[in-house]
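*Asks:* A single structure is presented below for examination.
Each reported figure results from applying straightforward, stated rules to the coordinates on display, with no laboratory input. In this text, all values refer to a predicted model and were calculated from it rather than measured experimentally. Cβ sites come from the backbone with ideal geometry, for glycine too, and all protein chains shown count toward neighbours.
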Amino acid sequence: MQRTCIDMEYSLRPRIMRFLLSRLDVDTDFSSFHFNVDVDNKRVSISDRTPKEYTNQILSGFDQAINGSSFSSVA
């Protein structure tokens, strides 16, 4: 299980960062973003710990870019 989590993180981190950089200014505080990872279903959602202003900026297109579907990913 631990190996699976590490592999997922290294796979997801660059995709998430590319997506965020394509939507946000490079001066954005990226430490404010939080995501939930469902290992069993291999889905990522935007955590409710992420400030709403950021969630609103990235919600459109997040699921398609990160999960490969348009299913809503806000926790």
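*Asks:* How do 35, 30 rank when sorted from fewest to most other Cβ atoms within 10 Å of their own Cβ?
*Replies:* Values: 35 17, 30 13.
Neighbour counts put them in this order, fewest first: 30, 35.
*Asks:* Ranking 50, 28 by Cβ neighbours within 10 Å, fewest first, what do you get?
*Replies:* 28, 50
*Asks:* HN-Hα J couplings of segment 19-30 from phi, Karplus 6.51/-1.76/1.60, θ = phi - 60°, integer Hz, Gly and Pro as x?
*Replies:* Running phi through 6.51 cos²θ - 1.76 cosθ + 1.60 with θ = phi - 60° gives 4, 4, 5, 6, 10, 10, 5, 5, 8, 5, 7, 5 Hz.
*Asks:* While we're here: Considering only DSSP states other than H, G, I, E and B, which trypsin sites (Lys or Arg not before Pro) in segment 5-75 qualify as loop sites with at most 16 other Cβ atoms within 10 Å?
*Replies:* Details: sites: 15, 18, 23, 42, 43, 49, 52; in loops: 42, 49.
Answer in residue order: 42, 49.
*Asks:* A further question on this structure: Using the number of other C-beta atoms within 10 angstrom as an exposure proxy, rank 10, 54 with the fewest first.
*Replies:* Details: 10 9, 54 19.
Result, fewest neighbours first: 10, 54.
*Asks:* Take the chain, connect every pair of alpha-carbon atoms lying under 10 Å apart with a spring to form a Gaussian network, then pick out the residue of 31, 45, 22 with the largest mean-square fluctuation.
*Replies:* 31
*Asks:* Another question about this same structure. Any idea how far apart residue 8 and residue 42 come out in nm if each label point goes 7 Å out from Cα toward Cβ?
*Replies:* It works out to 1.1 nm between the two label points.
*Asks:* Under a Cβ-only charge scheme (Lys and Arg +1, Asp and Glu -1), can you give me the dipole magnitude of the chain about the Cα centre, in debye to the nearest 20? Before the final figure, lay out the partial values.
*Replies:* Values: 9 positive and 10 negative charges, 41 e Å.
Using Cβ point charges on Lys, Arg, Asp and Glu, the chain gives about 200 debye.
*Asks:* Per 0.36 nm of contour for each residue apart, how much would the distance between residue 24 and residue 69 grow if the chain were fully extended, relative to their Cα-Cα spacing?
*Replies:* Working: separation 45, 0.36 × 45 = 16.20 nm, distance 2.13 nm.
14.1 nm is the gain from fully extending residue 24 to residue 69.
*Asks:* Moving to a separate point now. May I ask you to compute the full-extension gain from residue 31 to residue 49, defined as 0.36 nm times their residue separation minus their alpha-carbon distance, rounded to one decimal in nm? Mind showing how you got there, number by number?
*Replies:* On the way: separation 18, 0.36 × 18 = 6.48 nm, distance 1.11 nm.
Stretched fully, the residue 31-residue 49 segment lengthens by 5.4 nm.
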